[in-house]
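See below for the structure under consideration.
The values are calculated or read from the model by the stated rules, or taken from the named source; none is laboratory data. Because the structure is predicted, anything quoted here is derived from the model rather than measured. All Cβ positions, even for glycine, are placed from backbone atoms using ideal geometry, and neighbour counts span all protein chains on display. Protein only, heavy atoms only, side chains kept; ligands, DNA and RNA dropped before computing areas. Shrake-Rupley method; radii C 1.70, N 1.55, O 1.52, S 1.80 Å.
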Amino acid sequence: DFVFDGGWLGIAIGCLIVGLVAGFFIARTVFKKQLEKNPPINENMIRAMFMQMGRKPSEAQIKAVMITHDHADHIKSVGTLGEKYGIPIYATPETHVGINKNYCMTEKLTSASIRYIYKDTPLEFEDFKITAFEVPHDGTDNVGYCIEADGRVFSFLTDLGEITPTAAHYINKANHLV
């Protein structure tokens, strides 16, 4: 006859703890490797990009930031841009929640810098008409952007898992595609 005693319970709890610890370290190692291959953009990198384009780095030249989703490599510097420099940060309401819950956000966004954009609802911004649209990815409420100005159409789709009918529509509409 099998008798269940405290020894089996101790073994089960021990295995569970070992599994949790191993899982944590494996996930951390995988995440670090992903960040090394695809590092987040920081304030110094933005300044370097301006200089590579032959422009003097100036936050005044950045009118807004459009966020596609809440992964670390897309949002790491938005807290600094929004809070320190007062640049409006546009994202869907769900993505903004995900941004401020993200562990890599050292400077959280406040209502002063948060701006909402809604899928399939065009936003007029200076000379641009910007439409957010659904794209498949594993972030929170992922979007691509269709930007129209001066009769030209620029479609921006990042980390596209597959080409859905919606994505295909904006790809076909574009004069310029990223």
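Okay, here's what the table says:
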item	result
Computed magnitude of the charge dipole of segment 74-178 (debye, nearest 20; Cβ of K, R +1, Cβ of D, E -1)	220
Local electrostatic count at PHE128 - Lys and Arg +1, Asp and Glu -1, tallied over other residues with Cβ under 12 Å	-2
Per residue solvent-accessible surface (Å²) - segment 65-178, probe of 1.4 Å	50
DSSP loop trypsin sites (Lys or Arg not before Pro) with at most 16 other Cβ within 10 Å: longest gap in the chain	109-178
Helix runs (DSSP H) in the chain reaching 30 Å along axis by Cα, Kyte-Doolittle at least -1.0	6-37
Efficiency of FRET from Cβ geometry, THR121 and VAL30, R₀ 35 Å, rounded to 0.05	0.45
Which labelled figure in (1) 25, 20, 15; (2) 40, 21, 16; (3) 41, 16, 13 is semi-axes √(5λ) of the Cα gyration tensor in Å, once derived from the coordinates	(2)
Inter-probe distance in nm under a simple model that places probes 7 Å from Cα toward Cβ, at ILE11 and LYS101	3.9
Share of carbon and sulfur in the accessible heavy-atom surface of segment 91-178 [1.4 Å probe, %]	54
Segment 56-178, relative contact order in percent, only Cα pairs under 8 angstrom and at least six apart counted	19
Share antiparallel - DSSP beta bridges, segment 46-178, percent rounded to 5	65
